[in-house]
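The values are calculated or read from the model by the stated rules, or taken from the named source; none is laboratory data. None of these values were measured; they are calculated from a predicted model. Here the Cβ positions follow ideal geometry from the backbone for every residue, glycine too, while neighbour counts run over all protein chains shown. Ligands, DNA and RNA are excluded from the accessible area calculation, which covers all protein heavy atoms including side chains. Shrake-Rupley method; radii C 1.70, N 1.55, O 1.52, S 1.80 Å.
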Amino acid sequence: MAHLIRHKITNKLTNAAHTVSHKSQAKVSGVFARLGFQAATDEEGLGFAECDDLDYDYRQGMQMDVLQGEEEGGHMEGEGGLDGDSHYQRDGTGPRPSSLKTAGSLEEEKPKITSWEAGWNVTNAIQGMFVLGLPYAILHGGYLGLFLIIFAAVVCCYTGKILIACLYEENEDGIKVRVRDSYVDIANACCAPRFPKLGGHVVNVAQIIELVMTCILYVVVSGNLMYNSFPGFPVSQKAWSVVATAALLPCAFLKNLKAVSKFSLLCTLAHFVINILVIAYCLSRAREWAWEKVKFYIDVKKFPISVGIIVFSYTSQIFLPSLEGNMQKPSEFHCMMEWTHIAACVLKGLFALVAYLTWADATKEVITDNLPSTIRAVVNLFLVSKALLSYPLPFFAAVEVLEKSLFQDGGRALFPDCYGPGGQLKTWGLGLRVGLVVFTLLMAVFVPHFALLMGLTGSLTGAGLCFLLPSLFHLKLQWRNLLWHHVFFDVAIFVIGGICAVSGLIHSIEGLIEAFRYNIHD
């Protein structure tokens, strides 16, 4: 009898201890959740362990039963859909593969790219046509503008690295495992569990704005270059923009970018040749360089616009997660980011400085407009060709984001699917694509100011995607692994990026209002 009583008392004490332990753990987890930092629960740990097992199987050669890409003509199996290319989330709430393919149905692994090829892609993104606006930034920023070209390169390189760090989590053995696949996945993980889709929506909106604004800038710069190449023609810049858009209407019929990608290397090489020609012309006038015009003070009203121009010229964070995931050696990503941004910093700084020294206060928004008429037409025609061939890339990316968000969201879309059963584009879906092309034309016609639009885009979305969001996500997802100097850098970048974004946005809008009020064309 005594033994039975002792046994009952022991069981009650044990149950009480377990209850207290669970309640205390729940309270601690609740506190951390309210503070915004995730505390690992048993369910989360179980889901994370399952992710580790999947990653181990993948590294052993097993492949998950996931969606095949559109280029391979695959289609979705099972119910629902996947947002982007996400496979699973750390919290175990993301879509999970239903099964593993059998040995007989394993497909060949997609070819990976080398670090040099990845570096070439990053170089294409940060050394594009928008370098032509950097001398205009030096006009209003002087030596501080040159410093910002260096500073922006350092910060964008750092935020690119920490953005990739947010794709990984450590498993029980201390090994980093890739548990996220895209910028949207990172944003959703930061907003979970209360708002699991909010972060992805914010990133998608920012991406759409930046991509569409990039398309608008291509139309604006095409009209600007053609107008200044043939000033004797009775054709206005707006009319040239209409002509350029007419050549871009076939973009609405694009199903993939295979046809366009064939010209990308040629366009990039042509752009480098053009940059060399401009620098060579500037060097030929080195005796006339106006060093005294490079000032240490800044134009307070227009310098924030220059900040947006510089930031926009470095934007590449949108596609970095996909790029790193397709590298043969992801461990070389950091090294690749460093040498590409160092090269970009040196080339941009030299190009902006020598161009400004050559034309000083006469520097125009698009620097090739300063060239003599004898070579301006040839150089501008090459640039127009590059702009028109570059337009389909951001256009197709914007269309994909819109279609996946609004028309193909796994049964949760706001509108019906714009594709038929056989994969053909419906008539009204084609109309929407044509409408997007026409929208870029209307914006280019009514707001034909290259530098102001570039500064507005850099301040609105460039600073957010390159400065604010990566530092915020890094603090949220990697808080337990950060050293004090990492926290300091992230907070400093967030504060500086926020100030630059707000000031640049305000002054860009003021500049556009002033341009409309006084009918300023350049």
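Miscellaneous remarks
- When you count the other C-beta atoms within 10 angstrom of each residue and take the mean per peptide, 505-515, 165-175 line up highest first as 505-515, 165-175.
- Rounded FRET efficiency, nearest 0.05, which uses the C-beta distance separating residue 343 from residue 113 and R0 of 25 Å: 0.85
- Cα→Cβ-extended label distance, 7 Å offset, between residue 172 and residue 298, nm: 5.2
- Additional length obtainable on full extension of the chain from residue 381 to residue 249, 0.36 nm per residue less Cα span: 45.6 nm
- Cα-centre dipole for region 115-519 with unit charges at Cβ (Lys and Arg positive, Asp and Glu negative), debye to 20: 580
- Ranked by how many other beta carbons lie within 10 Å on average, peptides 200-212, 487-499, 311-323 from highest: 311-323, 200-212, 487-499
- In region 115-519, the portion of solvent-accessible area held by carbon and sulfur atoms comes to 70 percent [1.4 Å probe, whole percent, DNA, RNA and ligands not counted].
- Which listed pairs, of 404/476; 161/364; 112/238; 426/476, have C-alpha distances above 32 Å, in listed order: 161/364; 112/238; 426/476
- Taking every alpha-carbon pair within region 115-519, the share separated by more than 28 Å comes to 49 percent.
- Rounded FRET efficiency, nearest 0.05, which uses the C-beta distance separating residue 517 from residue 329 and R0 of 41 Å: 0.15
- Percent of Cα-Cα distances greater than 16 Å, calculated over region 143-221: 69
- Remark: region 115-519 carries 44 Å² of accessible area per residue (probe radius 1.4 Å; ligands, DNA and RNA excluded).
- The residue 491 and residue 233 beta-carbon pair, evaluated with R₀ = 41 Å, returns a calculated FRET efficiency of approximately 0.15.
- Residue-count net charge about residue 162 - beta-carbon cut-off 12 Å; Lys, Arg +1, Asp, Glu -1: +1
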